[in-house]
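Notes follow the structure.
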């Protein structure tokens, strides 16, 4: 009996041993969960200090624009001038420079349909002022940049002068922040900032457009200046005076107008658009000038001329 029990125990031990060996040889179990993997970090390929480009862009330093406008360009002192006597007679000029000359001058008697080129009496021109259908004067400078005045009584066929600028208004071409006024030889209406344009209404009254869009006015010949409004992105200035009250107009290059915007300005108010003049040449600050005689409007954009109705709301290419 004892021998039988021993045999059974031996068989049970061997069976248990086989089970343990089989379990030891089985591969380990795996789970259904995915392993945790660190999330990769995407880095820009743009080098430090470089500017990445996206979408439709132009080269560094330029602004992509549509049409002929140059919205976003900084206003600059005028290098073109237009001054209308009325809706029919007007003079226009390019300023040139004191050092290199290059001033040009032209006059029209038929609303801009035809311009007659006139020989400029000086190397650089800062102002041209019609007095009647035959008479006008020019304020200009030679290589020394000293402003002098020249007069004509025959639409520029001949000139007298030079004479001293007396009781006149003009921008200094060599000093962008300085203007000559009846009371000051070196007035700075914009407090040291560049003067984009200067427009007079009488011997004692004038306005200046500053490069930051401020418009300032004087009523004492340029001795003191006060705010007359603000028009950001304004590139040219004109005004009218009636019953002692001045109305201010500007030409602006703004995104909302594909060309040149004509706007009315009042102190403490936003500019009010009167018209958007479509142009076929770039509306480049410094190359845009406006004049608003009582009978209508004149606008020069590069080598294009436009005339406007008296209310300045409708414009036609001349």
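Kindly provide the set of residues from region 258-274 that are crowded, with 21+ Cβ neighbours inside 10 Å and over 25 Å from residue 107 (Cα atoms), ordered by number.
263, 265, 271
Any residue at all in region 287-308 that's farther than 20 Å from residue 108 by Cβ and in a loop (DSSP other than H, G, I, E, B)?
At the first step, the residues of region 287-308 found to be farther than 20 Å from residue 108 by Cβ are none.
Checked against the condition, which is being farther than 20 Å from residue 108 by Cβ and in a loop (DSSP other than H, G, I, E, B), region 287-308 yields no hits at all.
Of the residues 311, 294, which is free of Cβ contacts under 8 Å to residues at least 40 places away in the same chain, over 16 Å from residue 252 (Cβ atoms) and either in contact with a strand residue (DSSP E or B) (Cβ under 6 Å, 6 or more places away or on another chain) or surrounded by fewer than 16 Cβ atoms within 10 Å (Cβ to Cβ) (or both)? Please lay out each step first, then the result.
Working: 294 fails: free of Cβ contacts under 8 Å to residues at least 40 places away in the same chain.
Only one candidate qualifies: 311.
Restricting to strands (runs of 3 or more DSSP E) lying wholly in region 98-194: which have 3 or more residues that are surrounded by fewer than 19 Cβ atoms within 10 Å (Cβ to Cβ)? First the steps, then the outcome.
Values: elements: 104-108, 116-118, 124-130, 136-141, 147-152, 160-163.
Once the strands (runs of 3 or more DSSP E) in region 98-194 are filtered for at least 3 residues that are surrounded by fewer than 19 Cβ atoms within 10 Å (Cβ to Cβ), what remains is 160-163.
Mind listing whichever residues of region 243-263 are assigned to a strand (DSSP E or B) and touching a residue at least 40 places away in the same chain (Cβ under 8 Å)?
Step one: list which residues in region 243-263 are assigned to a strand (DSSP E or B), which gives 245-252, 260-263.
Hits for region 243-263 are 246, 248, 249, 250, 251, 260, 262.
Determine which member of the set 264, 252, 287, 240 is at pLDDT 95 or above and more than 24 Å from residue 194 (Cβ to Cβ).
Details: 264 fails: more than 24 Å from residue 194 (Cβ to Cβ); 252 fails: more than 24 Å from residue 194 (Cβ to Cβ); 287 fails: more than 24 Å from residue 194 (Cβ to Cβ).
After ruling out the rest, the residue left standing is 240.
Of all residues in region 211-224, which are surrounded by fewer than 23 Cβ atoms within 10 Å (Cβ to Cβ) and in contact with a strand residue (DSSP E or B) (Cβ under 9 Å, 6 or more places away or on another chain)? Can you show your working first?
In the first step, residues of region 211-224 are kept if they are surrounded by fewer than 23 Cβ atoms within 10 Å (Cβ to Cβ); the result is 211-214, 216-217, 219-221, 223-224.
Of everything in region 211-224, those that are surrounded by fewer than 23 Cβ atoms within 10 Å (Cβ to Cβ) and in contact with a strand residue (DSSP E or B) (Cβ under 9 Å, 6 or more places away or on another chain) turn out to be 211, 212, 213, 214, 216, 217, 219, 221, 223, 224.
The values are calculated or read from the model by the stated rules, or taken from the named source; none is laboratory data. Source: prediction; values computed, not measured. A quick note on method: Cβ atoms are made from the backbone with ideal geometry, for glycine too, and the neighbour counts reach across all protein chains shown.
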